[in-house]
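Step one of this worksheet: look at the structure below.
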Amino acid sequence: MIMIVTFHEEFRERISAFLSEKGYEVCVPPHRQDVIPLVKEKSPFVVVLDMYVAEPNGLDVLKELRAQHYQGKIVALAGTSVRSLMSQASQLGVDQVIGGFQGAGGALNLDQVESAIKMAFRPVIAKRAFELYEARGRTPGNDLEDWFEAERQIFRVEKSLLAAKPTKAKPTKGSKKSTKANKTSS
């Protein structure tokens, strides 16, 4: 599962839809305060974290993920305005850093996001490919077949998943959205 954490709803939807179409299982927290509880609940393999988020900011989210012993991969979306944060982010174990939203239109290279996710999965794929190689009795000459089969197994790219919709989690009790709903219903 891949969790998408970004401040901008339109970009969150674009990234989520793109990855879902590619066959990834995607989870989108309803609010930034819901990231940590949802990570504990869903255990995503990769968190795509926009370093531009605020309240809490991206670096605080990253610190809290690591403080809670999240061992998964983190792909950071970052541009020049958050460059000063990246040395701290590196020390906290960001696995990949890619450019954030660029230009007035806020373009993001979605293929670059997928490539970063695949790089994060690389050690897991390599391990599974080796297991397949060993299961075949260490017969040489099938390296690519083993690799592609490992990718298929890990990414579960099947027709049924390609039609899957992104998961939208319910707000936790402490999130702003649930608080607003409670205030409105009073």
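Return the pair list, or none, for Cβ contacts closer than 8 Å from residues in region 111-140 that are more than 14 Å from residue 75 (Cβ to Cβ) to residues that are outside any helix (DSSP H, G or I) and among the polar types (S, T, N, Q), at least 6 apart or on different chains.
Pairs found: 133/139; 133/142; 136/142.
When you look at residue 91, is it surrounded by 12 or more Cβ atoms within 10 Å (Cβ to Cβ) and either under 26 Å from residue 21 (Cβ atoms) or modelled with pLDDT of 50 or more (or both), yes or no? Can you show your working first?
Details: surrounded by 12 or more Cβ atoms within 10 Å (Cβ to Cβ): no; either under 26 Å from residue 21 (Cβ atoms) or modelled with pLDDT of 50 or more (or both): yes.
Answer is no for this residue.
Determine which single condition residue 43 fails, assuming it passes every other condition in (1) closer than 16 Å to residue 121 by Cβ; (2) of a type in the set (Ser, Thr, Tyr); (3) touching a residue at least 60 places away in the same chain (Cβ under 8 Å).
(3)
Filtering region 11-28 down to residues that are in contact (Cβ under 8 Å) with a residue 24 or more places away in the chain and of a type in the set (D, E, K, R), which residue is surrounded by the fewest Cβ atoms within 10 Å (Cβ to Cβ)?
Selected residue: 21.
Do the conditions hold for residue 64, that is, is it charged (D, E, K, R) and free of Cβ contacts under 8 Å to residues at least 12 places away in the same chain?
Considered against the rule, which asks whether it is charged (D, E, K, R) and free of Cβ contacts under 8 Å to residues at least 12 places away in the same chain, residue 64 comes out as no.
The values are calculated or read from the model by the stated rules, or taken from the named source; none is laboratory data. In this text the structure is predicted, and so the values were computed from the model without any measurement. So basically every Cβ, Gly included, is an ideal-geometry build from the backbone, and we count neighbours across all protein chains shown.
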